[in-house]
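The values are calculated or read from the model by the stated rules, or taken from the named source; none is laboratory data. Everything numeric in this text was worked out from a predicted model, so none of it was measured. Cβ atoms come from the backbone with ideal geometry, glycine included; neighbour counts cover every protein chain shown.
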Amino acid sequence: MNHLKHSNDKSLQIFSVHANKPMAILADMRIIFCNRALMALTGYSADDIGQNNFLQKIMSDRNLERLFVNYGEAEDEGFTCKLLHIPVLLKNKSEIGCEINVSRIAWYGRNAMLLIFRNVSGSDSSDDERNQEYKIQTIGLLASGIVHDMNNILASIIGFIELEMESGFQGNMGRTNLQQAHEAAFRAKDLTQKILTLGQVQANKKSIIDIESVVEPLLKLLNASFPQHITIDYHRNNKPALITADPDDIFQLLLNLCINAHHAISGENGKIEIRLDEIHVQPIINVHGLSDSPTGYIIIEVSDNGHGIEKNLMTHIFDPCFTTKKQGMGTGIGLALVKHIVRCYEGFISLKSVPGKGSRFKIFLPMAAA
């Protein structure tokens, strides 16, 4: 395994700046370099970490598969930042939760991946992570105080819409608009109620859904509320995009990604693209001849031609209350909620952004069994 003190590669600037963060270099699905912080985190020596089967030792089949998917994406697409939240098995047989940021780098002239680990397990988590948890708790307390009033306002809106519909409102277009407003108001009511359960996914509302059924009402809402200089293109998948989820969660996820894209667009000729796709993966067979990994992932992609994200900010944009927007434009909560929803559904996020050209978010969610 390479040693830091014997190298003058430019990529090592990352290690000097973030020396206290556990990091590793991955090439050909094998760790070829790690720093002391990673050894301290896992309890393994550099020689242990450099073994071909090291990743199989510390990750489950499903999470190793996520890394495979990320690895292929990063090789094909240049600089990419991924966010994974996975359990990692330490040498002492205890387990911690880690968030891993993955990006493509050049290492001695070869394509490689930089893995930056962050311990996000309870009492073992960093002060930074505990501050984020405190922020989420504070947001929940503040939000619960306004949900009651918001529900009263929405109840009034719904009531007036229903009265107008019952009064025999003339015109097909007018009635259609009222029906859409009625549906949007009820969806808003459901979303405000979800604020009270921030941080929870309600298992009793999960079912097999086609994401297409969520995108259609979302497009109606976006086209009615976004400025006319922003066009929204939806690229349908030829196959049903089936996942097991609460449709309200997926609606909230997509809505926040699209609002984030809207805020990133400042000039004329803005463009937001939504795509549904899928990726099938080869099952990883363990020593028992079994695999706990899904057969594939549904990919939700939202891209824009906005101002993009600076590279040094990409690992922070999912942090609660972190925002680069002007006052009144954002709270720093939207992408934190996206990250939380994806984590609850055992998915992961891919982000690619070029300053001045735009950003592309990919959400990978396990495909529902046929």
Please tell me if Phe318 is in contact with a helix residue (DSSP H, G or I) (Cβ under 8 Å, 6 or more places away or on another chain), on the phi < 0 side of the Ramachandran plot, modelled with pLDDT under 85 and not assigned by TED's automatic domain parsing to the domain that holds Leu64. yes
In segment 247-269, is there at least one residue being in a strand (DSSP E or B) and either surrounded by fewer than 17 Cβ atoms within 10 Å (Cβ to Cβ) or at pLDDT 90 or above (or both)? no
Flag if Asn238 is over 18 Å from the mean Cα position of the chain (by Cα) and outside any helix (DSSP H, G or I): yes
